[in-house]
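*Asks:* Got a structure for you, questions after.
Just so you know, all these numbers are worked out from the coordinates, no wet-lab data involved. Note that the structure is a prediction, hence the values are computed from the model and not measured. For neighbour counting, all protein chains shown are included, and Cβ atoms are generated from backbone atoms with ideal geometry for every residue, glycine included.
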Amino acid sequence: MVATLRKISREDWSRELEAAGYRSAQGPAIGFATEDGRFVIEVLERPRAAVRDLRAVFLQLAAVAARDAHIERACVVLAIDRLTTGRMRAEWDDLMTVLRPEVARRLGLVAVGENVRLCLPDDDARLVEIAEIGRGFLDESVPPKLPRLSKSLDVLKVLLVRWLLGQGPIARGELGEQAGCSYPTVAKAVERFARDIREHSNRSVELKVFPRDAWSELLALAPTCRARIAYIDRTGRRPDPETLLRRLKKLMPSHVALGGVAAAQHWDPHFDLRGLPRLDLSLAAEGGLDLGFLRRLDPGLGPLDGEGTPVLLVHPLQRPAALFTPGDQIPIADPVETLLDLSELRLVDQSNALIERLERRAREAT
Amino acid sequence: MSMTLDPEPLFQRLIDDLPDELHAHVFVVGSLAAAYHFRVELQRQGVNTKDVDLVVHPAGDTISCAGMAERLLGLGWQRHPDCYAAASPEPADELRAIRLYPPGPTDYFVEFLNLPEVGQREIKKWVPVEVAGGWYGLPTFRFQGLSARGRLRSEQGLGYASPAMMTLPSLLSHPIVRPERMSQPIGGRRILRSAKDLGRVLAIAQLSARDDVEAWHDPWLAGLKACFPDEWRELARSAGSGLRELLAKEDVLEEALHTCEVGLLRGRGVTLENLAAVGEQVLVDLIEPLAAATAGG
């Protein structure tokens, strides 16, 4: 079986192995070790020439193990992205025959991939433990195919955020940088929404009113074109978004912001809804989709497959500027993302009330 | 044949049936203790057992245990058919456990368990005890001492093991999924003992709020340090290995689910996915922090 997963970074391994009691090691060819130094690990990160790299790491580890009799197990861990498990097992068998037995028996291999787990030798509980740690974030790192709004609507969203927050005009170049589009695309967007946009003599732009028609278009397109990843609680317990929020505040992932009802309560202290129907998060994803924090947040979560009520919704933001606002402990998603979350939650009255309040505040600011 | 017993009246019957002076020397472990603790969540659904596991304490008090058994026999308690005396204390492994029916209705029986002496290495050891001129055995599990820590008290006044300290001994007792199967069928199937014991860990965790499960960390760590001062690091690091193996083997997890469906989680519609998800939470919330704690002092 060939697994086709993206790489797990060394930082991913570092975070999880350290949480499991391993420490970063300084020695050559050793990435991590137990406190007593008897179990050492090297991570093979995205092998370029898979077989050659695997052999090279094995031989380095064999040399380390041969030099230090104190080491009980020296293992290499990798995500399987090109080698089949059969091929890897064959490589292992070959190496076992050429190494001295007292060294060979102290080597180990952990390979993880989607629906694949290979531990050699297979009776070492620590290897199984490491494989499970690896699989934990592999499963979450499967990049889903995300829909995307048109570029002109991305431009509009940035302008709308600025208008709702009373931030004034923005230079076209900067607008393009924040929305992730070229100067001509910004120009097209400005032309498209010209009725709602005020252009200044220095060619900076801003919204002059709340763009009702464009907002309606955004709401209509959001269900199909707005990126979202929905999660359900797989434990069979009652879903508990409040507990998830509390745990998120402890984790404080820097690329994640609160959205939905929790953000609405930030933007409007009088927001008319108590409790949290679900947790909505915006996630800065321009540089890639990093969902690694979810394992620590709740490994009992699973992607919603088909119909069901999610307890967590993650909205990846693919534009370069996340436009997060500092919050109490974790950042707050911008008001436009917040309003879109409320719309998804069918909190129409609350959403309209929030728009009115933000509009009033924006008008007062100008 | 098994039947269901309502844990709350059963605790009351135990209080009524056992002489007052014995109450302070025993506490309940096993499925009855779990069913009693979660009686609200389970809406007083009965526990599917006749077997009341009573741990006699303090550790190694076999004389007190013999005295207890003799006292009960004197009050009209009857031996279970499996409970008969041997002429000599050896071989200890062939001794029968002390299992006694109360006077009156025989819908339950008690089985005496022993607490281990410090340093016991065997997972399970039979300690001979002489009762009324014959020899019986006290099953003595290496990690049972943990269950004596942080005991809770029922409304009726009988002690029982806390969920935290019921689960840790099961995890430690199964660092791997062993091939041994239960001698008696559970729900018509002969189940792997590891699947049964680790399944109960998952059932208890599933019935608990996640925050409550996470809070087991401190009593686990304190218990390990107190009961195994020389080995606690090694034990803490290996505490989750059997659970990991269980979660990685769907056929074994399915056996665990079967024991849960017959036992604590009966009628709750819990699925294989639910158990696996709870198991993954236990690994992240408890097992990994426990292993990490071994790096410190």
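*Asks:* For labels at residue A:105 and residue A:349 in the simple 7 Å Cα→Cβ model, what's the distance in nm?
*Replies:* 7.5 nm
*Asks:* A follow-up question, please. Using a 10 Å cut-off around each Cβ, can you sort A:210, B:112 from fewest to most neighbouring Cβ atoms?
*Replies:* Listed from fewest to most nearby Cβ atoms, that is A:210, B:112.
*Asks:* Next question. Partner chain Cβ atoms within 10 Å, averaged over the residues of A:294-304 - can you pull that number for me?
*Replies:* Shielding by partners across A:294-304 averages 4.
*Asks:* Using a Förster distance of 51 angstrom, determine the FRET efficiency expected from the C-beta separation of residue B:231 and residue A:167, and round it to 0.05.
*Replies:* 0.25
*Asks:* Counting alpha carbon pairs within less than 8 Å and at least 6 residues apart, what relative contact order, in whole percent, applies to chain B?
*Replies:* 16 percent
*Asks:* Could you state the principal axis extents of the C-alpha atoms in chain A, from the largest down, to the nearest angstrom?
*Replies:* 78, 47, 35
*Asks:* A follow-up question, please. Under Stokes-Einstein, with the Kirkwood radius over Cα pairs standing in for Rh, what whole-number D in µm²/s applies to the stretch A:224-365 at 37 °C and 0.692 mPa s?
*Replies:* Once the numbers are plugged in, D ends up at 212 µm²/s.
*Asks:* What do you get for the angle between helix A:212-225 and the principal long axis of chain A? Use alpha-carbon atoms, 0 to 90 degrees, nearest ten.
*Replies:* Computed tilt is about 20 degrees.
*Asks:* Defining a contact as two alpha carbons under 8 Å apart and six or more residues distant in sequence, what relative contact order in percent does the stretch B:162-293 show?
*Replies:* 35 percent
*Asks:* Name the residues whose placed amide hydrogens come within less than 5 Å of the amide hydrogen of residue A:280, ignoring near sequence neighbours (fewer than 5 apart) on the same chain.
*Replies:* Residues meeting the amide H criterion: A:259, A:261, A:262, A:313.
*Asks:* I'd like to compare A:342-351, B:115-124: which one has the highest average count of other Cβ atoms within 10 Å, and what's the full order after that?
*Replies:* A:342-351, B:115-124
*Asks:* Still on this model: Are there GluC sites (Glu not before Pro) in the stretch A:204-292 that DSSP marks as loop and that have at most 14 other Cβ atoms within 10 Å, and which are they?
*Replies:* Loop-located and lightly packed - A:286.
*Asks:* Now for a different question. Which angle from 0 to 90°, rounded to the nearest 10, does the C-alpha axis of helix A:151-164 make with the longest principal axis of chain A?
*Replies:* 60 degrees
*Asks:* Which of the peptides A:55-62, A:322-329, A:106-113, B:138-145 is most tightly packed, and how do the rest follow, judged by the mean count of other Cβ atoms within 10 Å per residue?
*Replies:* Ranking the peptides A:55-62, A:322-329, A:106-113, B:138-145 by packing returns A:106-113, B:138-145, A:55-62, A:322-329.
*Asks:* Here's something else I'd like to know. If we count other beta carbons within 10 Å of each Cβ, what is the order of A:151, A:208, A:157, fewest first?
*Replies:* With the fewest neighbours first, A:151, A:208, A:157 line up as A:208, A:151, A:157.
*Asks:* Right, another one. So what is the relative contact order of chain A, in percent, for Cα pairs below 8 Å that sit 6 or more residues apart?
*Replies:* Worked out over chain A, it gives 14 percent.
*Asks:* Classify the stretch B:91-233 from the C-alpha gyration tensor, please: rounded if a/c falls under 1.5, else prolate or oblate depending on whether a/b exceeds b/c.
*Replies:* Rounded is the answer for the stretch B:91-233, as its axis ratio a/c remains below 1.5.
*Asks:* Same structure, new question: Inside 10 Å of the C-beta atoms of B:269-280, what's the mean count of C-beta atoms belonging to other chains?
*Replies:* Per residue, the average neighbour count from other chains is 5.
*Asks:* What is the diffusion coefficient of the protein assembly as shown in µm²/s, taking the Kirkwood radius over Cα pairs and the Stokes-Einstein relation at 37 °C with a viscosity of 0.692 mPa s?
*Replies:* 115 µm²/s
*Asks:* While we're on this one: Taking the 0 to 90 degree range and rounding to the nearest ten, how far is the long axis of helix B:193-207 tilted relative to the main principal axis of chain B, both from C-alpha atoms?
*Replies:* That helix lies at roughly 70 degrees to the long axis.
*Asks:* Could you list the chymotrypsin sites (Phe, Trp or Tyr not before Pro) in the stretch B:10-101 that lie in coil according to DSSP, counting only those with at most 12 other Cβ atoms within 10 Å of their Cβ?
*Replies:* B:84
*Asks:* Using a basic spin-label model with each label point 7 Å from the Cα along Cα→Cβ, how many nm lie between residue B:6 and residue A:212?
*Replies:* Going from the residue B:6 label point to the residue A:212 one covers 6.4 nm.
*Asks:* Give me, ordered by chain and number, the residues 5 or more places off residue B:294 or on other chains with an amide H under 5 Å from its own placed amide H.
*Replies:* none
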